[in-house]
1. Please go through region 124-163 and write out the trypsin sites (Lys or Arg not before Pro) that DSSP classes as loop and that have at most 13 other C-beta atoms within 10 Å.
2. Quick one: give the max-minus-min coordinate of the C-alpha atoms of region 1-89 along each principal axis, largest first, in Å.
3. Where in region 59-103 does the label zone of Lys46 land, with the point 7 angstrom along Cα→C-beta and an amide N cut-off under 18 Å?
4. Mean separation of Cα pairs under 8 Å and 6+ residues apart, divided by the residue count of region 154-265: what relative contact order is that in percent?
5. For Leu42, Leu32, Leu145, what ranking results if the residue with the fewest other Cβ atoms within 10 Å of its Cβ goes first?
6. List the GluC sites (Glu not before Pro) within region 120-150 that fall in a DSSP loop (any state other than H, G, I, E or B) and whose Cβ has at most 16 other Cβ atoms within 10 Å.
7. Leaving out same-chain residues fewer than 8 places away, which lysines sit with a Cα under 26 Å from that of Lys66?
8. Can you list the HN-Hα couplings for region 226-237, worked out from phi with the Karplus curve (6.51, -1.76, 1.60; θ = phi - 60°), rounded to whole Hz and with x for Gly and Pro?
Amino acid sequence: MIRNYIKTTPKVKKEMTLFLISDLHYFKPKDLKKYQFILEELHKRKPDYLIIAGDLLDSSKVVEEKFFIDFIKACALETTILIGIGNHDITFIEGSKTLYDRNKELWKQLNQIKNVYVLDNTKYETEEFCVHGITLPYAYYYGNLDIKTFLNQYLKKENSQKLNILLVHDANSISSYNTDSYHMILSGHTHNGMVPKALEPIFNNHGLISPAKKWFPKNVRGRFEAKNTDIIISGGITKLSKRSHLNVLDRFWNHELTIITVKPE
């Protein structure tokens, strides 16, 4: 499914189209429909950027890595790709434990592909806009990290003359942080709250269950506003990853693509 949003701003001089996806959860080339869906939409609509809001991988221990890298290369032939990093991108399962693993070599390979930029606590900038990708640490997802200390280290006041975008896998992490210098925050992680499309009108912006196993979470999809900042949350390409015992049911949810059209005032 496709969601469309328009962002009007005096920060840009010409119209720009952003594709936002999240939570691809690549495991191995089994469900080819989701990869075909992304490639077909890129080829048909020709966006200026494809922005991936984390969990590109299901596990840092990548299976059939060549297929995955070839898929990213194919996407990069269509547009510029900006990649954020999520919790599955930096972890793997061993027994009943979720363990930390950066797999720096893989991200290095992706960064070497033309038109691909992995934003691992780094920025991508043009004359008119800046995308700042932050990688929330393992201890945020699986421990008791004081996230404010981490954010104070990596988030600085941005150039007010540009359209500033913050790319973060879990938007909830910055809910109590001052984001005044960012005009948009793009994220994923929620898996649409596991709500099928037909039931969204009933649930409004709530979900059935969150990735943290909390019932009826708020703000699991769509567009919200905090002061002067637009927060856009992608419902994700994959809803039930291979880590889930119920992943066979993933076929019953739609792959979600968010299209953001940025227009000059």
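Every number in this text was worked out from the coordinates using simple rules, so none of it is lab data. Only a predicted model underlies this, so the values are computations on that prediction, with no experimental measurement involved. No Cβ is skipped: glycine too gets one built from the backbone with ideal geometry, and neighbour counts run over all protein chains shown.
1. Filter output for region 124-163: Lys156, Lys157.
2. Extents along the principal axes: 44, 27, 22 Å.
3. Only 75-81 fall inside the zone, counting backbone N under 18 Å.
4. On the way: 187 pairs, mean separation 24.6, N = 112.
This gives 22 percent for region 154-265.
5. Values: Leu42 20, Leu32 10, Leu145 15.
With the fewest neighbours first, Leu42, Leu32, Leu145 line up as Leu32, Leu145, Leu42.
6. On the way: sites: Glu125, Glu127, Glu128; in loops: Glu127, Glu128.
Here the GluC sites (Glu not before Pro) that fit, given the DSSP loop and packing criteria, are Glu127, Glu128.
7. Lys28, Lys30, Lys33, Lys34, Lys44, Lys46, Lys104, Lys108, Lys114, Lys239, Lys242
8. 10, 6, 9, 10, 7, 10, 10, 10, 7, x, x, 6
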